[in-house]
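**Student:** Below you will find the structure I want to go over with you.
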Amino acid sequence: MLYFPHGGEFVHQPIIPGLPDDLALRCLAKVSHGYHGALQTVSKSWRRLLSSSDYANYKAKHGWIGDWLFVLTERSDNHWIAYDPQADIWHPLPKIPTSHSHWQHSGFSCFDPFKKHWTTVASMRTPRSHFACSVISGKVYVAGGRNSSSSSGLKLAEVYDPLTNRWEELPPMRHPQMDCLGLSYKGKLHVLNDLVGLADRNRSEVFNPLNSTWCIVEDTWPFSRAMQFSVQVIGDAQVYTVVDWGESLIKTRDNEKGDWYNVGSVPPIILSDHYRPVEAFGYGFAALKNKLYVLGGTALRWEESRGGRFDIRRLDVDVHPWKNKFLYDQGCFAERGKTKTALGMVKKEQCRI
């Protein structure tokens, strides 16, 4: 309930006139967080309610927090933006505070979409970059990477619990891994290095959180070098990746046979001042729930000439329909720290780039 001072007394003011407060709260809590800016302009009482911790806790309790896609752009300031699919709105995020003005970011930070600010939380026990990272059962797992004292790669692994704001060390991997990718697959952390596709070095290490043990699995991810080093899992069991050489094919893996097959392709880009569609490359690849996302990238604008001249274009926020329907309702999520990212989205039946 909302109470406001009036003539020395606190007078109850309904959230929505004519509705019980519990029903009104439920109605507002089910509205996508992307519309909160507009809702807060309705009245002071709504602004207070939507900014309160009780409201945030109520949404979290009922699972109505929503899922956003967070994107790190490739501008000089490396600005973060977030996409709310329910509201179909992009939100610019405030800059992450840093102790050094010339640094983009150092440490470990958490963004609160209700309070709209970043908070510095506990840093990893071992500083590192280019490491594998994934989330399993609400905890953040990191492994491998490199730092100034270990140029050949790290074996060390850690896990972060957001409820306690603490990192705990895990048993080390058997081999150092650097420039690696982490993904959650069937409740386990898989650490892949960037040498995928090389038969003699195609090795992944797998961590089982239930018994805190590592094992080595050979040839689990037999990717070709044409595939992006960008892989993730949907539904804890379905893996997707994209081949961005030539046809931009999206592939998924048959869990029983281990074979990869095509499920669709990324549509070409239509430039208003160009005579033919062009193919994008160097884009990010991600997903949210059952929707696929292709993020930004670069395209070559060809010109008819004997010298084979072409111009390089960065992709703007243009929208192009994807007419080829996917064979599966599952989406994919694959994203990496150094992946080029910008605005864009691929849904099950349409693409926005």
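The values are calculated or read from the model by the stated rules, or taken from the named source; none is laboratory data. Remember, predicted model here, so these are calculated numbers, not experimental data. Heads up, the Cβs are rebuilt from the backbone with ideal geometry, glycines too, and the neighbour counts pull from every protein chain shown.
**Student:** Please indicate, with yes or no, whether at least one residue in segment 157-166 is without any contact (Cβ under 8 Å) to a residue 60 or more places away in the chain, within 24 Å of Ala287 (Cα to Cα) and not in a strand (DSSP E or B).
**Tutor:** yes
**Student:** Please tell me if Tyr283 is modelled with pLDDT of 50 or more, closer than 21 Å to Thr73 by Cβ, aromatic (Phe, Trp, Tyr) and in contact with a strand residue (DSSP E or B) (Cβ under 8 Å, 6 or more places away or on another chain).
**Tutor:** Yes.
**Student:** Being surrounded by 15 or more Cβ atoms within 10 Å (Cβ to Cβ) and under 30 Å from Leu181 (Cα atoms): is that true of Trp90 here?
**Tutor:** It is true that Trp90 is surrounded by 15 or more Cβ atoms within 10 Å (Cβ to Cβ) and under 30 Å from Leu181 (Cα atoms).
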